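A short write-up of the structure that comes next.
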Amino acid sequence: QIVHLDSGEQTISNSRFFFHAETGSKAEVIATFNTHESSKACFTNIALEGVIEENASLEITKVQAEQNDCFHISSEQFFQDPNSNFKINTITIGGLIVRNGLNVLVEGENCYTELNGVYLGKENQHIDNHTFVDHLYGNCVSSETYKGVMDDKSTGVFNGKVVVRPNAQKIEAYQSNGNILMSPHSTINSKPELEIYADDVKCSHGSTTGQLDEKAIFYLKSRGISEKGAKQLLVGAFIGEVLNKIQNEALRNYIDEL
């Protein structure tokens, strides 16, 4: 586990983390980003890089929970060799302006790539998620699921792009972005993209944005649950699809508490 803690006023931290999963290895990395309660207007500038060699497996979970007057910019670049597995979960809760730029280059056959994300916006937060998966070789699978819940005057952005190169036949690439707007003043900008140059592929992408179901809220209230509790249950079920992909029980419980 990498614990990144900022303290002080108007500080900037520039950190670079490099993960090298050698042949046949398996690793799980947890990176938590927090600020001390006395800190103000901190700027976290992070570089995450990694190589997943043949038959290696790497899972990374990022939890961004800084205070709501802080900035967080993360630039991420990962390379997959043949027969490798890579999974990254990005959970964004805090920060005034947050931008996650994630690039994955799949440089071999029989690779599995999974990108998951949850972002919860409130007040005046702005949360960006930009992903790019580049399939250079065939017989690979990539799956991408991001879900956001925006409240107050917060703004969310999801821009996900998957490219399938001409020689990358028999690719399966799935991309999904779902959003709930809790306030009439919140905003989401969603742009899933597929760019396919091969002709033997299974690829899909989709985006949905809406509000909580008033009938479902009424039903839960009729069973003695408060309106706030009903909304919490519905939001929990909505983002639960992504959170359930985190198999580390202790980590999942920590995220649930946040």
Taking the square root of 5 times each eigenvalue of the Cα gyration tensor, what semi-axes in Å does the equivalent ellipsoid of region 7-95 have, largest first? 30, 12, 9
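Expressed as a whole percentage, what fraction of the accessible surface of region 1-134 belongs to carbon and sulfur atoms when a 1.4 Å probe is rolled over the protein heavy atoms? If you can, show how the numbers build up before the last one.
Numbers: 2570 of 5340 Å².
Summing carbon and sulfur atoms, their accessible area is 48 percent of the total for region 1-134.
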Please name which of 85, 5, 97 has its Cα lying farthest along the dipole of the chain towards the positive end, using unit charges on Cβ (Lys, Arg +1; Asp, Glu -1) and the Cα centre as origin. 97
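Under DSSP H, which helices of the chain have Cα atoms covering 15 Å or more of the helix axis and a Kyte-Doolittle average no less than 0.5?
Details: long enough: 227-243 (24 Å, 0.66).
Qualifying helices: 227-243.
At 37 °C and 0.692 mPa s, grab the translational diffusion coefficient of region 160-228 from Stokes-Einstein with a Kirkwood Rh over Cα pairs, rounded to a whole number in µm² per second.
Details: Rh = 15.1 Å.
My calculation gives 217 µm²/s for D.
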Sum -39500 (n - 2.57) across every DSSP H segment of at least 4 residues in the chain, then divide by the residue count to get the 222 nm mean residue ellipticity, nearest 500. -4000 deg cm²/dmol
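Compute, for region 119-207, the length of the dipole vector about the Cα centre, with Cβ point charges of +1 (Lys, Arg) and -1 (Asp, Glu) only. Units Debye, rounded to 20. Can you show the working numbers first?
Values: 8 positive and 11 negative charges, 12 e Å.
That gives region 119-207 a dipole magnitude of about 60 debye.
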Show me the three semi-axes of the equivalent ellipsoid for region 158-200, from the C-alpha gyration tensor (sqrt of 5 times each eigenvalue), largest first, rounded to whole Å. 32, 9, 5
Going by the alpha-carbon gyration tensor, a ≥ b ≥ c the square roots of its eigenvalues, is region 187-258 rounded (a/c under 1.5) or, if a/c is not under 1.5, prolate (a/b greater than b/c) versus oblate? oblate
So, for the chain, what is the accessible surface per residue at a probe of 1.4 Å, expressed in square angstrom? 47 Å²
For residue 10 and residue 207, what does the FRET efficiency come to when R0 = 35 Å and r is the distance between their Cβ atoms, rounded to the nearest 0.05? 0.40
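Using 0.36 nm times the number of residues separating residue 227 and residue 77, minus their current alpha carbon distance, what extension gain do you get? Please report the intermediate quantities before stating the final value.
Working: separation 150, 0.36 × 150 = 54.00 nm, distance 4.24 nm.
Taking 0.36 nm per residue and subtracting the Cα distance, the gain is 49.8 nm.
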Which of the trypsin sites (Lys or Arg not before Pro) across region 167-247 are loop residues per DSSP, with 12 or fewer other Cβ within 10 Å? 223
Report Rg (one decimal) and Dmax (nearest whole number) for the chain, counting Cα atoms only, units Å. 18.9, 58
How big is the charge dipole of region 201-258 about its Cα centre, in debye rounded to the nearest 20, if each Lys and Arg gets +1 on its Cβ and each Asp and Glu gets -1 on its Cβ? 160 debye
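Add +1 for every Lys or Arg and -1 for every Asp or Glu among the other residues with Cβ under 11 Å from the Cβ of residue 101, and state the total.
Working: positive: 99; negative: 76, 128.
Computed value for this residue: -1.
Can you order the peptides 100-110, 36-46 by their average number of other Cβ atoms within 10 Å per residue, highest first?
On the way: 100-110: 19.7, 36-46: 15.8.
In decreasing order of mean packing, 100-110, 36-46 become 100-110, 36-46.
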To the nearest 20 debye, the chain has a Cα-centred charge dipole, built from +1 on Lys and Arg Cβ and -1 on Asp and Glu Cβ, of 800 debye
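On a full-extension model of 0.36 nm per residue, what is the gain between residue 105 and residue 38, subtracting their alpha-carbon distance, rounded to one decimal in nm?
Values: separation 67, 0.36 × 67 = 24.12 nm, distance 3.96 nm.
Contour length minus Cα-Cα distance gives 20.2 nm.
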Cα-derived Rg to Rh of region 111-258, Kirkwood definition: 1.05
GNM top mover of 194, 212, 136 - the chain, alpha-carbon springs below 10 Å: 212
Considering every Cα-Cα pair within region 1-55, what fraction, in whole percent, is farther apart than 12 Å? 70 percent
Rounded to whole Å and ordered largest first, report the semi-axes of the equivalent ellipsoid of region 53-197 derived from its Cα gyration tensor (root of 5λ). 30, 16, 10
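The values are calculated or read from the model by the stated rules, or taken from the named source; none is laboratory data. All figures in this text were calculated on a predicted structure; none of them were measured in a lab. Positions of Cβ are generated from backbone atoms using ideal geometry, with glycine treated the same way; all protein chains shown enter the neighbour counts. The accessibility values were calculated without ligands, DNA or RNA, using every heavy atom of the protein model including side chains. Shrake-Rupley method; radii C 1.70, N 1.55, O 1.52, S 1.80 Å.
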